[in-house]
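We did not get these values from a lab; they are worked out from the coordinates using the rules stated. Given the structure is predicted, the values throughout are model-derived calculations rather than measurements. Positions of Cβ are backbone-derived with ideal geometry, glycine not excepted, and every protein chain shown enters the neighbour counts.
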Amino acid sequence: MRIIASSSRDWASSRSKFLQPARFGFFKFSFPVLLISGREDRVNPVGENAAILVKALPQGRLEILDGAGHLPEVERPDIINKMLRDFFG
C-alpha cells in the first residue's frame, strides 16, 4: 500500500484507514501472530496501534518491550531473539 500525504491531516486520515483491521481481513488469519512493540515508541504508540491490531487477530499475541522505542529489534536484539525463539518453539 502506498500512501502519499501532503499534510499532517492527510497523514492522520491515511493512518486511521490503516488501523481498521477488518479492512485488511486480519480477523480471518487462522495462524498465530506475534506483535512486538517498544513501550517508548513515539512513531507508533502501543495504545494507538499494536493494541488495536492484536484485538483483531484471533490468535494474536502482543509483547511490549520496556526500554525500547520504534526499533526494538535494533535496540534490544537479545530480547527480541528470545521472544521469537519462544514464539516459534
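So here's what we get for this one:
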{"read-out": "In sequence order, calculated HN-Hα J values of segment 58-73 (Karplus, 6.51, -1.76, 1.60; Hz; x Gly/Pro)", "value": "x, 10, x, 9, 10, 10, 9, 9, 5, x, 9, x, 6, 10, x, 5"}
{"read-out": "At 1.306 mPa s and 10 °C, Stokes diffusion of segment 26-88 via Kirkwood alpha-carbon radius, µm² per second", "value": "132 µm²/s"}
{"read-out": "For ASP66, ASP41, order by how many other beta-carbon atoms lie within 10 Å, fewest first", "value": "ASP66, ASP41"}
{"read-out": "Point-charge dipole on Cβ atoms (K/R +1, D/E -1) for segment 26-88, about Cα centre, debye to 20", "value": "280 debye"}
